[in-house]
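So the structure is just underneath, and the comments pick up after that.
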Amino acid sequence: MTTGSRIPGFYRLSIAERRQAIAERAGLELEELIATVRNAGLSTTTADKVVENVIGVYGLPFGIALNVVVNSVERLVPMVVEEPSVIAAASNAARMVRETGGFDAEMLEDLMIAQVQLFDVPSPVHACEKLKQAGPALLQLAEQAVPGLVARGGGPRGLEVRNLGDGAVVLHLLVDCVDAMGANLCNTIAEAIGPTVAELTEGTLGLRILSNLSDRRRVRVTCRVRAESLALRASTDTTRDGLSVARGIEQASRFAELDPYRATTHNKGIMNGVDAVVLATGNDFRAVEAGAHAFAAKSGVYRPLATWRAVKDELHGQLELPLALGTVGGTLRVHPIARLSLELMGITEARDLAMTVACAGLASNLAALRALATEGIQRGHMSLHARSVATAAGATGDEVERVAERLSERGDVTLDAASQELSRIRDVSP
Ligand code: MEV
């Protein structure tokens, strides 16, 4: 088996050749891979069991980001995304990072938060004290609610009490959900301990639900890129030009650090990579999005999740964000492509998934900032966009590239222009 996540010229292969290359790299049977990705991976019958009022399934492109190395392990990274250039850009950035050994990632904490709300608490300070004293008993009660999780080595690990004022008290149960995303586990625990918590505080029991600000389940990723790798290909003095690109990326980072308007777009670029892998693995992207943006605003000002600095002849980047992801349960039970995605990455543990997802986020951010700090985003974006517009106009096979090229030359990437160019090509073709 050929190993590794570097496959030069992958984008030039046909879909059949790509499938074969990926099956070989991942040590999977080609027929199995083909059968899994066929028909968007999900039958209407299965979809009907997952949500309500189903009338079909909705397909999205499923591709592989290459070149990713996480903590010295090669990973083929599956992505589901409708935006052109996201997969190519992440692969490109990951190639630069692998030249210095790849991404370094760590799980800073690995606990989910289950919340129990109490209101109309007559003596909140006293109630908080009582809850803290009852900690061991509450943890025991919580454990009894999730015996399966405890058997798998997880379970409640601690508790925190917050006095929100105005008679409102909230209890946080910190839960190690092991390889589950943990929403159901947290909700089960919160509901199980709720009545006892209310009794102890003499307040009224309110909500019992996980918090999607999963800031106790965080990943940090760092990477280094040689300045010369950042230079644009056309340049003659790659080291000097690379340094100016590194400084440009640092300035882009500083812009986001100073301005929430820019920080939002900067973080959107990170989420391009994050969400694509989260979706490919059947995880809850709304939860990840909500958590990431709340974390970005936790200081009271919305901040960039990733920052970059030019350091001597290198560019250093770092990203920290909450990631509540699972490698068991949820959509994974029913979606064959979600399971295939984990197999392609060689991942079974949720923490490895979280670290790889964060790397995809940092790679996407790097690619976007490099483009923005140099020639701008539109050139690369438009040539890829041109292919999807050409397809939308009805181009097939070779026609797609030919129409896309003409649209890029015209600088007019619209459906009308694509239809005109397609007619011209067909008129002159025998
Ligand atoms: C587009 O999907 C993402 C970017 O806008 C991100 C950024 O501006 O950093 C290019």
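The values are calculated or read from the model by the stated rules, or taken from the named source; none is laboratory data. Source: prediction; values computed, not measured. Here the Cβ is made from the backbone with ideal geometry for all residues, glycine too, and neighbour counts use every protein chain on show. Areas reflect the complete protein model, heavy atoms only, side chains present, ligands, DNA and RNA absent. Shrake-Rupley method; radii C 1.70, N 1.55, O 1.52, S 1.80 Å.
A few points about this structure:
- Note on segment 141-267: with charges restricted to the Cβ of Lys and Arg (+1) and Asp and Glu (-1), its dipole about the Cα centre is near 620 debye.
- For the chain, radius of gyration divided by Kirkwood radius, i.e. Rg to Rh on alpha-carbons: 1.03
- Efficiency of FRET between THR3 and VAL334 - r from beta-carbon atoms, R0 41 angstrom, step 0.05: 0.85
- Selection among VAL37, TYR11, GLY182 by position relative to the dipole of the chain gives TYR11 as farthest towards the positive end (Cβ unit charges, Cα centre).
- For the chain, relative contact order (Cα pairs under 8 Å, six or more residues apart, normalised by length) works out to 18 percent.
- Cα centroid of segment 37-66 to Cα centroid of segment 304-333, whole Å: 27 Å
- Net charge over other residues, Cβ less than 14 angstrom from the Cβ of ALA180 (K, R count +1; D, E count -1): -1
- Student exercise, segment 112-210 dipole from Lys, Arg, Asp, Glu Cβ charges, in Debye to nearest 20: 180 debye
- Relative contact order %, segment 217-368, counting alpha carbon pairs below 8 Å whose residues are six or more apart: 34 percent
- FRET efficiency for the ARG162 to GLU83 pair, using the beta carbon distance and R₀ = 35 Å, is estimated at 0.35.
- Calculated from backbone phi, Karplus (6.51, -1.76, 1.60) coupling profile of segment 272-280 in Hz, x at Gly/Pro: 3, x, 4, 4, 4, 7, 4, 5, 4
- The slack in the chain from ARG152 to GLU375, taken as 0.36 nm per residue of separation less the alpha-carbon distance, amounts to 75.2 nm.
- Fully extended contour minus Cα-Cα distance, from ASP259 to GLU17, at 0.36 nm per residue: 82.6 nm
- In terms of packing, defined here as the mean over residues of other Cβ atoms within 10 angstrom, the peptides 354-366, 176-188 line up highest first as 354-366, 176-188.
- Toward the positive end of the charge dipole of the chain, with +1 on the Cβ of Lys and Arg and -1 on the Cβ of Asp and Glu, the farthest Cα among LEU28, VAL357, HIS266 is that of HIS266.
- Straight Cα distances below 26 angstrom link LYS298 to the lysines LYS132, LYS268, with same-chain residues fewer than 8 positions distant left out.
- Within the listed set ARG387, ARG370, ARG247, the Gaussian network model of the chain (springs between alpha-carbon atoms below 10 Å) gives the highest mean-square fluctuation for ARG387.
- Distance from segment 245-267 to segment 85-137 (C-alpha centre basis), Å: 24 Å
- Each Lys and Arg contributes +1 and each Asp and Glu -1, all at the Cβ; summed about the Cα centre of the chain, the dipole is approximately 680 debye.
- Rolling a 1.4 Å probe over the protein heavy atoms gives the chain an accessible area of 48 Å² per residue.
- The distance separating the Cα centre of segment 142-221 from that of segment 353-377 comes to 34 Å.
- Spatially proximal aspartates and glutamates relative to LYS312 (Cα-Cα < 20 Å; intrachain offsets below 8 disregarded): GLU99, ASP104, GLU228, ASP237, ASP241, GLU250
- Most mobile listed residue (LEU415, LEU230, LEU342) in the chain, GNM with C-alpha springs under 10 Å: LEU415
- The portion of the accessible surface of the chain made up by carbon and sulfur, rounded to a whole percent, is 51 (1.4 Å probe; DNA, RNA and ligands excluded).
- Amide N proximity, segment 133-168 versus THR204 label position 7 Å along Cα-to-Cβ, cut-off under 14 Å: 167-168
- Springs between Cα atoms under 10 Å define the GNM used for the chain, and in it the highest mean-square fluctuation of HIS381, HIS316, HIS126 occurs at HIS126.
- Three-way shape call for segment 250-401 based on the alpha-carbon gyration tensor, with the a/c threshold at 1.5: oblate
- Distance (nanometres) between label positions extended 7 Å along Cα→Cβ at GLU129 and ALA297: 3.6 nm
- Simple spin-label estimate for ALA35 and GLU109 in nanometres, 7 Å along Cα-Cβ: 4.5 nm
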